[in-house]
Structures are given as structure tokens and as C-alpha cells.
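Presented below is the structure to which this report refers.
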Amino acid sequence: MKVSVEEQDHTLLAIVHGKVDTSNASDFEKEIVSKLDEKCRKIHIDISDMEYISSAGLRALLRLKKRMDANEGSMAVEGANEVVYETFMITGFLDLLGIEKR
Amino acid sequence: MKTIKIEADTKLLDEVLNWLEDALSPIKESEKTCQQIRIVVEEIFVNIANYAYGGLGGEVQITIDIQKNNGAVVIVFTDSGIPFDPLAYPEPDVKLCAMDRRVGGLGIYMVRKMMDSVSYEYRNWHNILQLIKINKF
């Protein structure tokens with residue numbers, strides 16, 4: 001897993017590569033949280049290069065989403081491949097993350 | 001049939017996943033099936049590592065049998081930890097919004113949804129969990 005994060009106009013843009021699993025989900029979350037500040041209104045996560053995500057990764061996404069919701073911010077996740085899309089569908093994360101149904 | 005016997009420790013997850021790559025090589029063209037199997041093997045291994053031995057440590061054995069006649073992939077986890085039936089674990093409410101969602105129970109739920117069959121038995125001091133995925137070519 002690799003994640004690159006940059007800030008632009010109070011929005012964090014994160015691009016994730018590889019698999020987000022038990023061994024790296026907390027690093028993924030930390031990378032993003034460490035760049036969050038009070039002015040941040042939105043997190044945009046590009047997952048088009050993410051291979052798959054296990055429940056540890058889903059928990060990280062859920063915690064990020066809770067953080068943004070509680071601070072009147074928003075979070076968008078875009079570019080899920082077939083396996084990731086299905087994982088989101090099974091677990092209710094499509095609705096939770098506001099991802100359009102295919 | 002491929003078998004690995006390994007200490008149930010989350011630090012060894014990569015070792016398990018590397019072994020899994022080799023075990024899945026006969027069906028590596030079925031990318032979606034392989035990804036789902038990687039996810040469920042991680043979920044079950046991590047679960048056993050975190051809970052089966054109550055911090056005392058212990059081993060887990062994983063076997064994978066790819067049946068050539070019907071494409072079924074049969075995965076069996078055996079550990080000698082505390083009796084635990086994952087099928088008896090309550091399912092999470094996947095319709096709740098983010099603020100109301102709890103973070104537990106998701107892994108086992110994913111396993112049940114991604115596999116075609118999940119069965120559990122406790123026999124001779126061992127937890128035996130069998131997963132079957134029908135690989136559609």
C-alpha cells in the first residue's frame with residue numbers, strides 16, 4: 001500500500017495504491033489524519049489503483065468518515081474496481097460513502 | 001492440496017498471503033475469485049490471531065484444495081484455541097449511517113457474503129472452519 005496526500009483549497013486529495021489490509025490500514029489512516037487540520041472541509045480519496053480492501057481498511061474509512069461528518073465536512077471515495085465495489089456493496093459502504101450504484 | 005502451519009500472529013500475515021499466492025496459482029486467471037479468497041483468508045487468519053488463544057499464542061493450519069472437476073476452492077482453517085463459532089456471531093447492521101455504524105463484525109460478515117459455503121465444527125479440541133468458493137470460469 002502506498003498513499004500520497006496533498007492539500008489544495010482546504011481539500012485533501014489522497015491517492016491510494018495497492019491493497020489496504022490489516023498490516024497497513026492504520027498507516028493509511030495515519031497518513032491522511034496527519035494532514036487534516038481545522039480548515040479542512042473535504043477529503044477526496046482516489047482508489048482507482050487500489051487492488052482490494054479488507055475489513056481493517058473499511059474500519060479506517062469509516063473512522064475518517066465519522067471524523068469528517070462530526071466536523072461538518074465531507075468525504076468522497078472514487079474509482080473502485082470491481083472487487084472493491086462489491087466489497088463496498090456487501091458491507092453497506094456504497095450508501096455510507098455516497099458512492100453511486102452501477 | 002496445499003497446507004501451511006504457522007503461528008497465529010498478525011505479524012505473519014504477509015507470509016500467509018505469500019503462501020496463498022502459490023496455492024492459488026492454478027486459478028490465477030480468475031482474478032476476482034482470487035481477490036475474494038485473499039480477503040477472506042486475511043479476515044479469518046487475523047481473527048484467529050487476535051482471539052483464538054487469548055494472548056497465549058498458538059498455531060493455525062490452513063489447507064487449500066482446488067477441485068479440478070467442479071472448480072470448487074475448499075479452504076479449511078484448523079486451530080486449537082478457544083471454541084469460537086463465527087457463524088454464531090451477530091451480523092452487523094449494514095444499513096446504518098456512518099455515525100451509528102460500529103466497527104466490529106465486518107470481517108466475518110464479508111467472509112459469509114463472499115463465499116458460497118461456510119461451515120464450522122468443534123471437534124477433538126479444534127476449531128475447524130471450512131470455506132468453499134465456487135470458481136466460475
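Only the coordinates and a few stated rules stand behind these numbers; no lab work does. All values reported here derive from a predicted model rather than from experimental measurement. Don't worry about glycine lacking a Cβ; one is built from the backbone with ideal geometry, like all the others, and counts go over all protein chains shown.
The mean number of partner chain beta-carbon atoms within 10 angstrom of a residue's beta-carbon across peptide B:30-39 is 4. For residue B:68, a cut-off of 15 angstrom between C-alpha atoms picks up these aspartates and glutamates, skipping any fewer than 8 places away in its own chain: B:29.
Descending by average beta-carbon neighbour count within 10 Å, the peptides B:18-25, B:82-89 line up as B:18-25, B:82-89, the highest first.
With the cut-off at 1.5 for a/c, could you classify the protein assembly as shown from its C-alpha gyration tensor as rounded, prolate or oblate? It would help to have the intermediate numbers written out before the result.
Values: a/c = 1.97, a/b = 1.69, b/c = 1.16.
Here the protein assembly as shown falls in the prolate category.
Restricting to DSSP H runs of at least four residues, report the calculated mean residue ellipticity at 222 nm for chain A, -39500 (n - 2.57) per run over all residues, nearest 500 deg cm²/dmol. Don't skip to the end; give the middle numbers.
Working: 4 runs with 39 residues, N = 102.
So the calculated ellipticity at 222 nm is -11000 deg cm²/dmol.
Label sites at residue B:103 and residue A:76, each approximated as a point 7 angstrom past Cα along Cα to Cβ, lie 2.6 nm apart. Which entries of A:30/B:2; A:65/B:133; A:19/A:66; B:28/B:95; A:2/B:2; A:30/B:133 show an alpha-carbon separation above 29 angstrom in the structure shown? As for pairs spanning more than 29 Å Cα to Cα, those are A:30/B:2; A:65/B:133; B:28/B:95; A:2/B:2; A:30/B:133.
Can you give the average number of partner chain beta-carbon atoms within 10 Å of each beta-carbon in peptide B:66-77, as a whole number?
Numbers: counts 0, 0, 0, 0, 0, 0, 0, 0, 0, 0, 0, 0.
The per-residue average across the peptide is 0.
Modelled label positions at residue B:6 and residue B:122, each set 7 Å beyond Cα in the direction of Cβ, lie 2.6 nm from each other.
Panel order for A:72, A:6, by other beta carbons found within 10 Å of each beta carbon, from fewest to most: A:72, A:6. In plain terms, the residue of B:78, B:3 with the fewest other Cβ atoms within 10 Å comes first and the most crowded comes last, giving B:3, B:78. Quick check on chain B: take the gyration tensor over C-alpha atoms, sort the square-rooted eigenvalues as a ≥ b ≥ c, and tell me if it's rounded (a/c under 1.5), prolate or oblate. Since a/c reaches 1.5 but b/c is at least a/b, the shape of chain B is classed as oblate.
Among B:104, B:54, B:81, which one shows the highest mean-square fluctuation when chain B is modelled as a Gaussian network with alpha-carbon springs under 10 Å? Fluctuation is largest for B:104. Taken residue by residue and averaged, Cβ atoms of other chains lying within 10 Å of the Cβ of A:44-54 number 2. Please check: in the Gaussian network model of chain B (C-alpha springs, under 10 Å), which one of B:123, B:101, B:112 has the largest mean-square fluctuation. With Cα springs under 10 Å in chain B, the top fluctuation among B:123, B:101, B:112 is at B:101. Cut-off under 19 Å on the C-alpha distance; same-chain residues fewer than 8 positions from residue B:32 excluded. Which aspartates and glutamates are left, in chain and number order? Candidates past the 8-residue exclusion: A:21, A:49, A:51, A:82, A:86, B:21, B:22, B:42, B:43, B:65, B:116. Taking a ≥ b ≥ c as the square roots of the Cα gyration tensor eigenvalues, the range A:30-102 comes out prolate, since a/c reaches at least 1.5 and a/b is larger than b/c. Remark: chain A carries a charge dipole of roughly 280 debye about the Cα centre, counting +1 on each Lys and Arg Cβ and -1 on each Asp and Glu Cβ.
Might you report the magnitude of the Cβ-based charge dipole of the range B:1-71 about its Cα centre, with Lys and Arg at +1 and Asp and Glu at -1, to the nearest 20 debye? Could the numbers behind the result be given before it?
On the way: 7 positive and 12 negative charges, 44 e Å.
Roughly 220 debye, rounded to the nearest 20.
Ordering B:34, A:40, B:97 by the number of other Cβ atoms within 10 Å of each residue's own Cβ, fewest first, gives B:97, A:40, B:34. From helices alone, chain B scores -8500 deg cm²/dmol at 222 nm; the rule is -39500 (n - 2.57) for each run of n ≥ 4 DSSP H residues, then divide by the residue total.
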